[in-house]
Structure formats: C-alpha cells, structure tokens
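Here is the structure we will look at, set down as structure tokens.
The values are calculated or read from the model by the stated rules, or taken from the named source; none is laboratory data. Remember, it's a predicted structure, so these values are computed and weren't measured experimentally. In this analysis, Cβ positions are derived from the backbone assuming ideal geometry, glycine residues included, and neighbour counts consider all displayed protein chains.
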Amino acid sequence: MSGPLHRGELELQRRYGVAEMGGRVAASIRRSIPPIAADFLTRQPFAVASVIDEEERPWAALWSGQPGFLQIVDDVTVRLPAASLDPISRQRIRWPGPVGLLVIQPEARRRMRLNGRARLVGAVGSAEGSVEIVADEVYSNCPQHIQRRRLESVDEEPGEVSCGLGLDETQWARIERADTFFLATYRPGGGADASHRGGPPGFVRRRGEQALEFADFSGNNLFNSLGNMQLHARAGLLFVDFESGDVLQVTGRTELLHRSLEEDDLPGHEGRVVRVDIEEWQEQKGAMPWRVGP
C-alpha cells in the first residue's frame, strides 16, 4: 500500500466499526527504518515477501539465509541477496515493482513489515545479484496469533521443485493441519503487502476440489490484506512445514465472506472468512534452512 490508508482499508474499517482505532494505529507507520527496527531486521534468518508476477498475481515468497543476509543500506533501503529468494519466485517476479516484506521472529513473537518498491541490482542467478527495497512504510505488529517456535539452522541442500494447477491429498492435509501461513496481497497502482496468519489447526479448511477458506481473526484493524483484496481479489499463500523445511505456495482468486459462528465450523473468527479459489501452486522440499529445535 502507499499512503497511510487507501479506500479498500477505509471501507472495511467503517464496515466493522473500527475506523477510529485503525486511524490511531496508522499514525504509527513510518517512512524510514528506525535504529531499533534495523537491529531487529538484520538479526533474523528469514523473511516473507509479497511479490507480483507478470499477470499481476501475488505470490508469498520465502527469503532465507543466515542472520545478516538482510542488510540495511540506509534509513529507507534494505538489500537482500537475490539467490536467497526461493527459486520459482525468482523467475516469476516482475522487476522493478512493489514488494511487501514481513520479517518475523517466532521465538520472541515479534514481527515487522516494510512495504516499498524493489529493484534488481545485478543478475538474479549470480552470487552478486541483489534486490534493493526502498521503503514507503515501516511498522511493527503486535504478537497476536504468532505461534512460538525456536528455530535452528540446518546444513542441508534444498530439494526438488515442482508446480501444478491442482493440489493433491498430501498437500491438502498439510494445509488443513497448519497453525500458521503467510499471506501476500497487492493493489494495482499501489503497493504490495505480506502478512502473517495464525490460529488453531483447522482454521484453514478445504472447500470443494480446489478452494480453501480461512478464518480472519481480529488484528491491528488496519485491514491491509483484506483492503487490498477489496480492490484486487487475488492473494498468494505460503505454508511452511517447520519440521521438514518444505514450502508450499499457492495463488488464487479471493472472496470475503461474512458469516456468523453458527453458519460454519471454522473456529473462533469475527464473522469474516476468506475464500481462495486456487489457480496454481509451487512447492520445494527442504527450502527453509531453519527447522524447529527441541
């Protein structure tokens, strides 16, 4: 997103009666990276990016490495190695373009978001190639719905990459037992946003052959993701298996549904359910070089 709030976000704030609260939170959004945020960003081993392909479809992409792989260039610019981005996303991204970056620390239940414009410096496949993101917005989120995990580095090469149009039963089983996923959205003519979604296993459900629904819990009342979907009904979802390191990404068309708790069996939401009709998926075994530790 660009600017404090756009009309999709404002519409949902009014609908759910949280315009005043959302406005107060929006006042904390900065255009620069304060020192405390810079220190946090450079200490983390992975980030999730909302990236856009040539068809204006959002994908939630994984960026990972050893702490320090994300570098602070100046108070508005971060740099990440292009080779640390998952391989399929490297091929799909439209450069230059909007990128939403979410950096999260599960063990401490902390997260920060940096939304801006990205450009490629050098070749994607080279050791020197990097991506620089110039920030439009920098802000932190509360720890709500973050599942606490302690991650440890593993020295293993990533495995095979695959992609397709229809998910199989093994992939659906992983989705339905997830307690965490990452969400990518985009507003044409504006910006991209990457966010975290967490809840009890079962808060994401299969619906029909190739669709899922997830319960939307109350958060910071900015409605960054849902607001973008109001204006561009597409999203990318990233599911990480923190035990195996496998990564599953899907993209599809979205619809915001309004239901009471009595109308479905999704646990404890606020009357909001998002449906995603899946158009395509991509998967890589062992893509995450960090796993849950004892």
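A compact table of results
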| quantity | calculated |
| --- | --- |
| Residue list for segment 154-184, filter: exposed (fewer than 14 other Cβ atoms within 10 Å of the Cβ) and modelled with pLDDT under 90 | 155, 156, 157, 160 |
| Residue ID - nearest to residue 219 (Cα to Cα), chosen from residues in segment 90-136 that are touching an Asp or Glu at 6+ places or on another chain (Cβ under 9 Å) and among the small types (Gly, Ala, Ser) | 100 |
| Positions within segment 40-54 being of a type in the set (A, V, I, L, M) and within 11 Å of residue 104 (Cα to Cα), in sequence order | 41, 47, 48 |
| The lone exception for residue 221 - which of (1) over 26 Å from residue 18 (Cα atoms); (2) touching a helix residue (DSSP H, G or I) at 6+ places or on another chain (Cβ under 8 Å) it fails | (1) |
| Residue ranges of strands (runs of 3 or more DSSP E) in segment 1-81 with at least 1 members in contact (Cβ under 8 Å) with a residue 60 or more places away in the chain and under 14 Å from residue 102 (Cα atoms) | 46-52, 58-64 |
| Residues of segment 187-205 classified as farther than 23 Å from residue 10 by Cβ and modelled with pLDDT of 95 or more, total | 0 |
| Within segment 206-226, considering residues that are surrounded by fewer than 22 Cβ atoms within 10 Å (Cβ to Cβ) and among the polar types (S, T, N, Q), the one modelled with the highest pLDDT | 210 |
| Segment 227-256 - residue that is in contact with a helix residue (DSSP H, G or I) (Cβ under 7 Å, 6 or more places away or on another chain) and not polar (S, T, N, Q) and, of those, surrounded by the most Cβ atoms within 10 Å (Cβ to Cβ) | 235 |
